[in-house]
Ligand code: NDP
Ligand code: PYC
């Protein structure tokens, strides 16, 4: 059993900023990264909350990330806004470009943000939910490192490649999903390893290509996509959409770039924004009602919507003012953060 300890919500943010500053990120980057970690930890997303401070540190130690770079947004009159993260973590670049993406989606009906040359370690839902908070639908995807075998294969060539979508709902939490297209996220396997727990069947193969439930053998071998050939095809789409389509690296190229030094993958990100007003010919209210009928039909039969667990965790943790974190992780982070 993993022993959990309570950490005050404000301490999650402060510990993150302190640790990130100490390991070499500028204040602007530290604050942007810490906000992402805070939101994930607040919502009990253990694999991409405080745990990811270790990856941020490892990325800095590997020596290729620029902890101080200012993102460069390219001027554009069209619906595409391009930002060069300039070898920094992605989050500051995304934050600074988001208002422009929203403005362009409202003007053109659809708009895209492409982020290039970024190190990327984070969950995607906070970014697509910034769009749904503004009444837009959002879709985002990124490659990672080539840890994942395609359906029918045994060797890593794809990333864990998350896909996130958020749909605005008037007066309600948005409909959001955000998941790796591998059966398990890499971070989840790392948490199983730390907790000494076996993986479920069907998540990974070992270095010889045999099915394994041993987390270390899975990390040394290859992960598998969810849903067989269907998840595999989605994962390939993400490689293309957030790789060659936007002039950036695939997961295999990201892995080669890392030269075995570890740390966060290095590649691009695409975020798409859709304005229901333009796309429905101005009939937003009628179509919102139809979307709500769809959600009601799902909920009425006892199924749950994605993110429901997360919104419940957010409400609970916000009300009590603390989150629960594995003791061993907290002790490690306290040492790192000074
Ligand atoms: P999970 O498997 O934990 O969850 C995937 C989604 O499915 C969530 O929206 C979740 O909602 C929903 N869900 C889970 N169970 C159910 C259910 N029974 N019914 C309906 N919906 C359900 O996600 P992953 O472990 O695959 O990914 C975790 C995070 O890791 C993501 O945020 C992702 O962006 C991030 N990641 C980042 C990568 C990167 O390269 N930057 C790579 C891979 C992953 P809920 O949260 O409410 O349970
Ligand atoms: O959990 O698969 C993962 C992951 C990769 C990069 C950041 N998180």
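Derivation of every value follows stated rules applied to the coordinates shown; laboratory data play no part. Only a predicted model underlies this, so the values are computations on that prediction, with no experimental measurement involved. Ideal geometry is used to build each Cβ from the backbone, glycine not excepted, and the neighbour counts take in all protein chains shown.
Highest first, please rank the peptides 249-256, 157-164 by the mean number of other Cβ atoms sitting within 10 Å of their residues.
Working: 249-256: 20.5, 157-164: 25.1.
Those peptides, ordered most packed to least, come out 157-164, 249-256.
Fewest-first ordering of 121, 257 by other beta carbons within 10 Å of each residue's beta carbon gives 257, 121.
Between residue 233 and residue 110, 0.36 nm times their residue separation minus their Cα-Cα distance comes to what?
Values: separation 123, 0.36 × 123 = 44.28 nm, distance 2.45 nm.
Between residue 233 and residue 110, full extension yields 41.8 nm more.
Using the average count of surrounding beta-carbon atoms within 10 Å as a protection proxy, the listed peptides 314-321, 233-240, 125-132 rank, highest first, as 125-132, 233-240, 314-321. Between the range 45-121 and the range 128-186, the alpha-carbon centres lie 16 Å apart.
Highest mean first, what order results for 87-94, 223-230 on Cβ atoms within 10 Å?
87-94, 223-230
For the pair residue 303 and residue 208, label points projected 7 Å from Cα toward Cβ lie 4.1 nm apart. Cα extents for the chain along the principal axes, largest to smallest and rounded to whole angstrom: 53, 48, 46.
Put simply, the Cα atoms of the range 99-217 extend 53, 31, 25 Å along their principal axes, the longest span coming first. Between residue 290 and residue 9, the modelled labels are 3.8 nm apart [label points 7 Å from Cα along Cα→Cβ]. Pairwise Cα separations in the range 185-224 fall into 10 Å bins from 0 onward with the following percentages, short to long: 39, 56, 4.
The label point for residue 76 and the one for residue 335, both projected 7 Å from the Cα toward the Cβ, are 4.5 nm apart. In terms of other Cβ atoms within 10 Å, 77, 84 run from fewest to most in the order 77, 84.
Would you list 248, 220, 214 from fewest to most Cβ contacts within 10 Å?
Details: 248 22, 220 12, 214 15.
Exposure proxy ranking, most exposed first: 220, 214, 248.
Report the calculated FRET efficiency for residue 169 and residue 100 (r = Cβ-Cβ distance, R0 = 25 Å), to the nearest 0.05.
Details: r = 25 Å, r/R0 = 0.99.
That gives a FRET efficiency of 0.50.
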